[in-house]
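Working notes for the structure below.
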Amino acid sequence: SFAAAAALTFRCAEPPSPSRTVTGSSHPVPAAPAPSPWRDRRYLLFTATEAALFLDDAVLQVGMPLWIVHATDVPHGMVPLLMVLNCVLVVLCQVPLSRFGSTPEKACALLLPLVACFVAGCAAMTVSTAGGTGLAIAALTCAAVAFTFAEILHSIASWELSVALAPGDAQGAYLGVHGLSSSAQRSGGPLLVTAVIAAGPFAWPLLGAGVIAMVAAQRRLVRNRLPQRALSVAPVTVSEH
């Protein structure tokens with residue numbers, strides 16, 4: 001089924017750009033070919049950093065259940081409860097928080113609270129092994145909430161920035177390349193998170209440090225790529241007396 005879907009998708013292409021007509025000529029001049037995302041080094045680097053920021057998915061879906069089972073004394077029944085908590089928070093908060101990423105500038109600003117939430121979640125995962133069952137339950141609940149808000153904020157920022165950084169005449173191709181970031185995370189994220197679990201509690205802060213580095217790199221890429229907004233000057237009317 002995936003091979004059939006890939007074959008059908010492969011036949012799809014970017015809609016042809018409209019022709020432009022030169023003044024005084026009846027012959028339309030074809031527009032320049034749409035840019036290719038595979039030749040856009042900055043967008044490819046942006047996509048690579050996105051793969052790291054999608055790690056909250058692997059942490060919530062793979063890392064946290066394994067951590068609860070193998071590293072803490074928390075009852076295993078807490079795993080589905082934290083998954084329910086994640087779903088409820090996404091349903092309640094995704095749309096209200098989306099207004100904070102309504103422009104590329106606002107979406108770029110969301111990267112700071114995003115990384116703060118992710119680092120807080122990593123710290124809570126480490127703390128969950130520092131005491132008894134009660135502390136572990138409280139720390140894991142805080143971690144689930146923190147990673148969920150990192151997920152929500154990244155979803156908002158990622159969509160806005162991926163569209164804003166793509167040329168208007170090749171958004172389909174660019175967004176297709178951007179989609180590879182989540183696919184790469186789904187393939188490699190569980191392996192990375194499993195390695196963190198095997199390394200022990202103090203590997204979580206290292207994971208947080210890695211995400212900080214990726215956010216810093218992405219902010220620099222985005223700020224250099226976003227077009228500078230032209231200053232608008234209000235027209236001044238001069239009246240003669």
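The values are calculated or read from the model by the stated rules, or taken from the named source; none is laboratory data. Note that the structure is a prediction, hence the values are computed from the model and not measured. Ideal geometry is used to build each Cβ from the backbone, glycine not excepted, and the neighbour counts take in all protein chains shown. We work out accessible area using only protein heavy atoms, side chains counted, and drop any ligands, DNA or RNA first. Shrake-Rupley method; radii C 1.70, N 1.55, O 1.52, S 1.80 Å.
Tabulated results
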{"item": "In the range 160-170, residue nearest to Leu85 (Cα to Cα) [restricted to those that are in contact (Cβ under 8 Å) with a residue 12 or more places away in the chain and open to solvent by 20 Å² or more (accessible area, probe 1.4 Å)]", "result": "Glu160"}
{"item": "Condition check for Gly208: among the small types (Gly, Ala, Ser) and outside any helix (DSSP H, G or I)", "result": "no"}
{"item": "Residue in the range 127-141 that is under 30 Å from Tyr174 (Cα atoms) and of a type in the set (Ser, Thr, Tyr) present", "result": "no"}
{"item": "Failed item, numbered, when Gly131 is tested on (1) over 15 Å from Gly63 (Cβ atoms); (2) part of a helix (DSSP H, G or I)", "result": "(2)"}
{"item": "Options Phe100, Phe118; residue that is aromatic (Phe, Trp, Tyr), over 15 Å from Ile197 (Cβ atoms) and either part of a loop (DSSP other than H, G, I, E, B) or open to solvent by 50 Å² or more (accessible area, probe 1.4 Å) (or both)", "result": "Phe100"}
{"item": "Unique match (being of a type in the set (Gly, Ala, Ser) and at pLDDT below 95) among Ala184, Ala138, Ala203, Ala150", "result": "Ala184"}
{"item": "Residues of the range 72-92 satisfying the condition of being touching a Ser or Thr at 6+ places or on another chain (Cβ under 8 Å) and assigned to a helix (DSSP H, G or I)", "result": "Leu82, Leu85, Asn86, Leu89, Val90"}
{"item": "Pairs with Cβ under 9 Å, 6+ apart, first in the range 116-129 and free of Cβ contacts under 8 Å to residues at least 40 places away in the same chain, second hydroxyl-bearing (Ser, Thr, Tyr) and surrounded by fewer than 21 Cβ atoms within 10 Å (Cβ to Cβ)", "result": "Ala124/Thr141"}
{"item": "Among the candidates Ala34, Ala58, residue that is buried (at least 16 other Cβ atoms within 10 Å of the Cβ), of a type outside the set (D, E, K, R) and at pLDDT below 90", "result": "Ala34"}
{"item": "Scan of the range 167-213 for residues that are hydroxyl-bearing (Ser, Thr, Tyr) and over 14 Å from the mean Cα position of the chain (by Cα), ordered by number", "result": "Tyr174, Ser187, Thr194"}
{"item": "Residues (in contact with a helix residue (DSSP H, G or I) (Cβ under 7 Å, 6 or more places away or on another chain) and touching a residue at least 40 places away in the same chain (Cβ under 8 Å)) located in the range 171-191", "result": "Ala173, Tyr174, Val177, His178, Leu180, Ser181, Ala184, Gln185, Gly189, Pro190"}
{"item": "Selection status of Thr141, open to solvent by 40 Å² or more (accessible area, probe 1.4 Å) and of a type outside the set (Asp, Glu)", "result": "yes"}
{"item": "Candidate set: the range 171-206, residues that are among the aromatic types (Phe, Trp, Tyr) and within 20 Å of Pro65 (Cα to Cα); chosen: the one surrounded by the most Cβ atoms within 10 Å (Cβ to Cβ)", "result": "Trp204"}
